[in-house]
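So the structure is just underneath, and the comments pick up after that.
Coordinate-derived values only; no laboratory data. Model, not experiment: these values are computed from the prediction. Cβ sites come from the backbone with ideal geometry, for glycine too, and all protein chains shown count toward neighbours.
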Amino acid sequence: MIESLLVANRGEIARRIIRTAKRLGVRAIAVYSEADADLPFVTEADEAVCVGPANPAQSYRNTEAILAAARSTGARAIHPGYGFLSENADFARTVEAGGLTWVGPGADAISAMGDKINARNLMAAAGVPVAPGTTEPAADLAAAVAAAAEIGYPVMVKAAAGGGGMGMGVAADEAALRTEYDKVRAFAERMFDDGSVLLERYFPRVRHVEVQILGLADGRVVALGERECSVQRRNQKLVEESPSPAVSPLLRSRLLAAAVRAGEAVDYRNAGTVECLLDVSTGEFFFLEMNTRLQVEHPVTELVYGLDLVEEQLRVAAGLAPAFDPDALTPRGHAIELRINAEDPKRFLPGPGVIGTWVEPTGEGVRVDSGYVAGNTVTPFYDSLMAKLIVSAPTRAEAIERARAAVASFELAGPKNNLPFFAELLENEEFRSGTYDTSLISRMR
């Protein structure tokens, strides 16, 4: 096992990785910005190094500062968590070139999946279903208009280098396409330093279903079930559950087999997620993207399969066999995750502030992965995620009831938060029935 691990992230996910590292006897090293000096992950690590001011470009995305912290502390490996540098292929190569272990997939796999057009083409060649769309970037507006005419409206306009629901727009006709193309291209150039744009068929009624894969040290790729991620606002996930209430045993076998083929196509190692769109009307699914990192929603898979994905990541990176039997994977029960954000529960706009009260719910089947405690400040510099409330139970109905009770007993005061929204959602008949899709929140609002 790796002896010492630098966690190149912050908040909830840093705390989560540190917890597993310390359980395994791995020395855990944190890096933090000046704005995060008082957060729990800093004090819970065995050692912590300040890597710069609040601006992520000067701290958590500052590769030179991160690598300097690794050298000064004697870290032997780097875990990037999610976001920040987690899908930066150049950083992964630099880490390995420096003699450190990268806890994640190889840089070539990150590069291959980071370009959404290249990823679509690779998946199609591997026999993974992809939605009708462009096989090369739409070089200009005229090319986009021609491609849309061939694909058929409505179309989704996407940043080829984007991810996580960022850099996307829907065009119902050519007039809308002209507006969305310019908007997405400008956003992509600003955010990703790559203005490449792709077009795909847009499906008005879809579910967002993803498969957790794990590329093992021996070269095998295994699928650890699916997660339903259709409760979204602005293409950003708020709730995830496993298994998906929309996936039949036959569909599940097809989904998991396709996800394994996707991983094998890029010689995938470590944890990753194959995201798909499920057409509610036809039952067809299409490859959306592959996230070459640990997902925010990984806990629901852990609870259903009874494993620790961070431990499995470390084992793969160290060249060790998994702690579970890949040939005897048995899912049990149902798990639901709610993302507790510092945001207005109606409009979902950020609402940072000082946390005056923070009392987490407890009880059977209740887990909270949090990045804050009472007295901490949620600043405007980073993502608004404060904690993840995860519940598990033998059935989906029981999991929903546990979630209702946990939301009601979560005491949180100070920043604006979306607990009231979850209380409303868990009473919503469409959600409770399991028949919802990605437009559920728009119907609730």
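A compact table of results
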item: Segment 196-242 and segment 271-308: distance between their alpha carbon centers, rounded to Å; result: 4
item: Relative contact order of segment 132-201, defined on C-alpha pairs under 8 angstrom at six or more residues apart (%); result: 44
item: Burial ordering of H334, H79, fewest other beta-carbon atoms within 10 Å first; result: H334, H79
item: Rg over Rh, two decimals, segment 209-316 (C-alpha only, Kirkwood Rh); result: 0.94
item: Volume per residue that the Cα convex hull of segment 308-445 spans, once the total is divided by residue count, Å³; result: 150
item: Counting all C-alpha pairs of segment 4-103, share separated by more than 16 Å (%); result: 48
item: Ranked list, fewest to most other Cβ atoms within 10 Å of each Cβ, for K346, K158; result: K346, K158
item: Cα-derived Rg to Rh of the chain, Kirkwood definition; result: 0.94
item: Cα-centre dipole for segment 132-201 with unit charges at Cβ (Lys and Arg positive, Asp and Glu negative), debye to 20; result: 180
item: Three semi-axes of the equivalent ellipsoid, segment 11-50, Cα gyration tensor, whole Å, largest first; result: 17, 10, 6
item: Relative contact order (percent, whole number), segment 229-317, Cα cutoff 8 Å, 6+ residue spacing; result: 23
item: Where N is the number of residues in segment 183-261, Cα Rg divided by 2.2 N^0.38 Å; result: 1.40
item: Lys pairs, the chain - Cα-Cα below 29 angstrom, 8 or more residues apart or on other chains; result: 17
item: 37 °C / 0.692 mPa s Stokes-Einstein diffusion coefficient of segment 132-201, Kirkwood radius on C-alpha pairs, µm²/s; result: 288
item: Where only alpha carbons of segment 53-199 are counted, the Rg and the Dmax (Å); result: 18.2, 57
item: I400, I13 arranged by Cβ crowding within 10 Å, fewest neighbours leading; result: I400, I13
item: Packing-based order for 270-283, 124-137, using average beta carbon neighbours within 10 Å, highest first; result: 270-283, 124-137
item: Ellipticity estimate at 222 nm from DSSP helix runs (n ≥ 4, -39,500 (n - 2.57)) divided over the chain, nearest 500; result: -10000 deg cm²/dmol
item: Å³ per residue enclosed by the Cα convex hull of segment 206-444; result: 126
item: GNM top mover of E47, E226, E337 - the chain, alpha-carbon springs below 10 Å; result: E47
